[in-house]
Amino acid sequence: MLSDRQITSRRLLLVAAGMSLLGAAAGCRSPWSGGGEVAAEAGVDESALPVAPPAPGALPATPPPAPSAAAPSVVPVHKVLTAAEAKPVYELDAERRVVALTIDDGPDPRHTPTVLALLQQYGIRATFFLIGENAVEHPALVREIADHGHHIANHTWTHPDLRHMSDAKVRDELERTSDLLHKTTGRLPTWFRAPGGDWSDASLKVAADLGMRNMAWSVDPRDWARPGTSVITDRILKDVRPGAIVLNHDGGGDRSQTVAALKTYLPVLIDSGYFFTAPPN
Ligand SMILES: [Zn+2]
């Protein structure tokens, strides 16, 4: 019989082994490089790097930038996207046993800290699609997500249905959110997700103008409807396959079922040989 501690150590070893395998494949393509672009990190898939928890009591070699220093006075330069890159991405390369975990609608002080602790426990990098009006209320939480190494992404300012909005309103929703996340974390969002997955011609154009690609999903357990922890867990474990993009929520209501499901299904996926990925920061 393996003790709990041995099982945990085995999981950590598997995580570490997977990360070095992904990192060692020199010249490998990042799962996030659309349009045939090769990862710029000379073979190191930054998206697969572990979240490095700070050593207890250790001081960082260089102090983190103050929030004000993260707000440059120059206008940020947006990446120019190819036509292929501007289309929504529903799943990643199925040849690698990777899963992209995406957490939407936060930050929320009731659930986001627990989710962050869980992801740290398992060495998982995730993508957080943040809502601007939540992010502006909880800037410290936004910085905490970024400091943990997760990918910060844009999920509009007020979570509206973009299909029924004027082009100018759509631009305001996306631009305000990118500006805020940039000022708060020093990172300019490079990925966008339309609320409900309801992209529109206007949202695709504005996202491209702002240098953001569009991330959809392939696994939706409908956790926001609170169907019960076991239902959320079962739906994810049934539907996950290599390259899956999983949709979960840490904001927008009581997400305790989602948090409980994460506690159950993350170790199961790790034990089944899956590695987690998020776009490079
Ligand atoms: Zn949402």
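The values are calculated or read from the model by the stated rules, or taken from the named source; none is laboratory data. What you see is a predicted model, and the numbers here were worked out from it, not measured in a lab. Cβ sites come from the backbone with ideal geometry, for glycine too, and all protein chains shown count toward neighbours. The protein model used for the area step is the full one, side chains on, heavy atoms only, and it has no ligands, DNA or RNA in it. Shrake-Rupley method; radii C 1.70, N 1.55, O 1.52, S 1.80 Å.
Report yes if some residue within the stretch 254-270 is away from the ligand (no atom under 16 Å from the Cβ) and over 19 Å from residue 116 (Cβ atoms); otherwise report no. Yes, the conditions are met somewhere in the stretch 254-270. I'd like to know if the stretch 192-203 contains one or more residues that are more than 16 Å from the ligand (Cβ to nearest atom) and open to solvent by 60 Å² or more (accessible area, probe 1.4 Å). Checked the stretch 192-203: at least one residue is more than 16 Å from the ligand (Cβ to nearest atom) and open to solvent by 60 Å² or more (accessible area, probe 1.4 Å).
Scanning the stretch 93-142 for residues that are among the basic types (Lys, Arg) and either under 23 Å from residue 264 (Cβ atoms) or not in a loop (DSSP other than H, G, I, E, B) (or both) gives 97, 110, 125.
All of (1) within 16 Å of the ligand (Cβ to nearest atom); (2) assigned to a loop (DSSP other than H, G, I, E, B); (3) open to solvent by less than 30 Å² (accessible area, probe 1.4 Å); (4) out of contact with any strand residue (DSSP E or B) (no Cβ under 7 Å at 6 or more places or on another chain) hold for residue 189 with one exception: (4).
Name the residues in the stretch 99-117 that are open to solvent by 10 Å² or more (accessible area, probe 1.4 Å) and more than 23 Å from residue 159 (Cβ to Cβ), would you? Full working, then the answer.
First, the residues of the stretch 99-117 that are open to solvent by 10 Å² or more (accessible area, probe 1.4 Å): 105, 108-111, 113-114, 117.
117, the sole residue that qualifies.
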